[in-house]
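The structure appears right after this line, and notes come after that.
The values are calculated or read from the model by the stated rules, or taken from the named source; none is laboratory data. Since the structure is predicted, the reported quantities are computational estimates derived from the model, not experimental observations. Quick reminder, even Gly has a Cβ in these numbers, built from the backbone with ideal geometry, and neighbours come from all protein chains shown. These accessible areas exclude ligands, DNA and RNA; they are computed on the full protein's heavy atoms, side chains included. Shrake-Rupley method; radii C 1.70, N 1.55, O 1.52, S 1.80 Å.
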Amino acid sequence: QVHLVESGGGLVQAGANLTLSCTDSGTGNRAMGWFRQAPGKEREFVAAVNYIGGSATYADSVKGRFNVSKDNAKKTVYLQMASLQFEDTAVYYCAARAIAVALHPGNWHYWGQGTQVTVSS
């Protein structure tokens, strides 16, 4: 019965900030993370936290600009994106799996519908 719903995407100019959110309707806590996929490219790992909300992991391309956090009471994960660049343009997907984070999309069990982030140069 796990159901993930993400939101917060939009169209912004380079240098702007956006915060995405994703709520897990299932029972219990899971590791939650974010992936993104641009047209013609593979889905790639962005950031994630373990089931408690610590041990955050970031892709090298976003480290220092993005921050991922998890509110276990609300069962919601956030992705705070700063200094957005044109290269960040993609559909961003929320994902969930048990306990620990993983870098490959195939290792995640549940997925949201995606939210579009478009950054103009």
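Run the 1.4 Å probe and let me know the accessible area of LYS70, rounded to the nearest 10 Å².
About 30 Å², rounded to the nearest 10.
Would you look at the GNM of the chain, springs on alpha carbons closer than 10 Å, and say which of PHE86, PHE66, PHE35 moves the most?
Greatest mean-square fluctuation among the candidates belongs to PHE86.
Which distance in Å, rounded to a whole number, links the C-alpha centroids of the range 85-121 and the range 47-62?
About 12 Å separates the Cα centre of the range 85-121 from the one of the range 47-62.
Taking θ = phi - 60°, what integer Hz values does the Karplus form 6.51 cos²θ - 1.76 cosθ + 1.60 yield along the range 50-65, in sequence order, with x for Gly and Pro?
Each residue's phi maps through the Karplus curve to give 6, 5, 7, x, x, 6, 5, 10, 10, 5, 4, 5, 10, 4, x, 10 Hz.
Pull up all non-local amide H partners of TYR110: gap of 5 or more, or a different chain, and H-to-H distance under 5 Å with H placed in the peptide plane.
Amide H neighbours of TYR110: ALA96.
Could you compute the net charge surrounding HIS104? Neighbours are other residues with a C-beta less than 13 Å from the C-beta of HIS104; K and R count +1, D and E count -1.
Charge balance near HIS104 sits at 0.
Of all the C-alpha pairs in the range 33-85, what % are more than 18 Å from each other?
Looking at the range 33-85, the distances longer than 18 Å represent 33 percent of pairs.
For the range 72-77, just list the computed ³J(HN,Hα) in residue order, Karplus coefficients 6.51, -1.76 and 1.60, θ = phi - 60°, integers in Hz, with x standing in for Gly and Pro.
With coefficients 6.51, -1.76 and 1.60, one gets 5, 5, 8, 6, 10, 10 Hz.
Evaluate the distance, in nm, between pseudo-label points positioned 7 Å from the Cα of GLN1 and of SER83 along their respective Cα→Cβ axes.
Those two pseudo-labels are separated by 4.4 nm.
Return P(r) of the chain (all Cα-Cα pairs; 10 Å bins starting at 0; whole %; ordered from short to long distances).
P(r) over the chain, rounded to whole percents: 15, 51, 29, 5, 0.
What's the percent breakdown of Cα-Cα distances in the range 73-121 across 5 Å bins, shortest bin first?
5, 16, 22, 23, 19, 11, 4, 1
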